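The structure under discussion appears below in the form of structure tokens.
The values are calculated or read from the model by the stated rules, or taken from the named source; none is laboratory data. Keep in mind that what you see is a predicted model, and the values were worked out from it rather than measured. Cβ placement follows ideal geometry from the backbone for every residue including glycine, while neighbour counts extend to all protein chains displayed. Heads up: the accessible areas ignore ligands, DNA and RNA and are worked out on the full protein's heavy atoms, side chains in. Shrake-Rupley method; radii C 1.70, N 1.55, O 1.52, S 1.80 Å.
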Amino acid sequence: MQDLINDIAAAMAKAEKRGKVADYIPELGHVNPNNFAISLATVDGKVYSAGCATTPFSIQSISKVFTLTIALGKMGDSLWSKVGREPSGDPFNSIVQLEHESGKPRNPFINAGAIAVVDAIMMGHEPKETLGEILSFVRYIADDDSICFDHAVAASEMAHRDRNASLAHFMKAFGHLRHDVDKVLGTYFHQCSIAMSCEQLAHAGLFLASDGINKPSGIRVVAPQRARRINSLMMMCGHYDASGEFAFRVGLPGKSGVGGGILAIAPGHGSIAVWSPGLDDYGNSLLGTQALEMFVQQTGWSVFGH
């Protein structure tokens, strides 16, 4: 397996087209576009890595998988009264769909849906308390207390918040947000700024690869049915309006972030994290997707069969 991981990293190093680094959040635009990392954490506790797999990067929307898990733990199925479960087919920051659907976001992984999830988690608490809870959970599932927020990225997002603020105010107007918009947004931006390496991220995703249990540690994070449902949402909605393309090419539940990371889950096998900052036209890592496609072709780990 290590040879395969090395081969993938070598192939990506030679790639000429590397995508475009997200610069609409200026702090993300400073990242070296030539960075590449891949890490596989298997359910039996092995880790295989190549590239800069211990270098932290801003996980951005991958964090939405973890906040969804927290929200479901707190609210159960009542969460679905606040956010839907359908693919959006629109860009991740689209306001058009919200208007058509009376301010209820289509799913938890588009920006509006993730903001609604943060609002649900807060439960009357201040941002600092909520962020402490989110960070504690991520450190718990990754088994790594060194994971932190990147405050420079969070500040950069807050300074360029107009589109997300529009989404939040729109939902507030329809009665879908309980808390103050600025407090919800501040929490959301810090959540997205969490910095993790591919090795940390792969470890954090392990509970979704084995019916809710992080097998190396023996910790049950969620019930089996909930793990399957989170995976199904990742498959349908994890890559915004390119989720169908990712399912077609890779065939694994996955969640991307505009920091260039992708977390993919191979149920029964392991959790794979890739990072390459250059994005395609849909805001997903260009080489990260190619690397995962190559990985699945070689391993046959698609959920759709060998």
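Consider the range 104-135 and keep the residues that are among the small types (Gly, Ala, Ser) and open to solvent by less than 50 Å² (accessible area, probe 1.4 Å). The one that is nearest to residue 164 (Cα to Cα) is 112. For residue 101, the conditions (1) surrounded by fewer than 24 Cβ atoms within 10 Å (Cβ to Cβ); (2) touching a strand residue (DSSP E or B) at 6+ places or on another chain (Cβ under 6 Å); (3) of a type outside the set (Phe, Trp, Tyr) are fulfilled apart from (2).
Looking across the range 67-110 at every residue that is touching a helix residue (DSSP H, G or I) at 6+ places or on another chain (Cβ under 9 Å) and of a type in the set (Phe, Trp, Tyr), the one that is modelled with the highest pLDDT is identified as 109. Applying a threshold of 7 Å to beta carbon distances and a minimum spacing of six or more residues, or different chains, the list of pairs starting in the range 158-179 at a residue that is open to solvent by 40 Å² or more (accessible area, probe 1.4 Å) and ending at one that is acidic (Asp, Glu) reads 178/119. If you go through the range 195-227 and keep only what is touching a residue at least 24 places away in the same chain (Cβ under 8 Å), open to solvent by 10 Å² or more (accessible area, probe 1.4 Å) and part of a helix (DSSP H, G or I), you end up with 199, 200, 203, 226. Would the range 247-261 turn up any residue that is at pLDDT 95 or above, open to solvent by 50 Å² or more (accessible area, probe 1.4 Å) and assigned to a helix (DSSP H, G or I)? Yes, that holds for at least one residue. Of all residues in the range 277-294, those satisfying the criterion of being buried (at least 23 other Cβ atoms within 10 Å of the Cβ) and either of a type in the set (A, V, I, L, M, F, W, C) or in a helix (DSSP H, G or I) (or both) are 279, 287, 288, 289, 291, 292.
From the list 276, 243, 285, the lone residue that is more than 19 Å from residue 110 (Cα to Cα) and in contact (Cβ under 8 Å) with a residue 24 or more places away in the chain is 276. Residues that are buried (at least 17 other Cβ atoms within 10 Å of the Cβ) and touching a residue at least 40 places away in the same chain (Cβ under 8 Å) within the range 141-157 comprise 141, 142, 147, 149, 150, 153, 156, 157, listed in sequence order.
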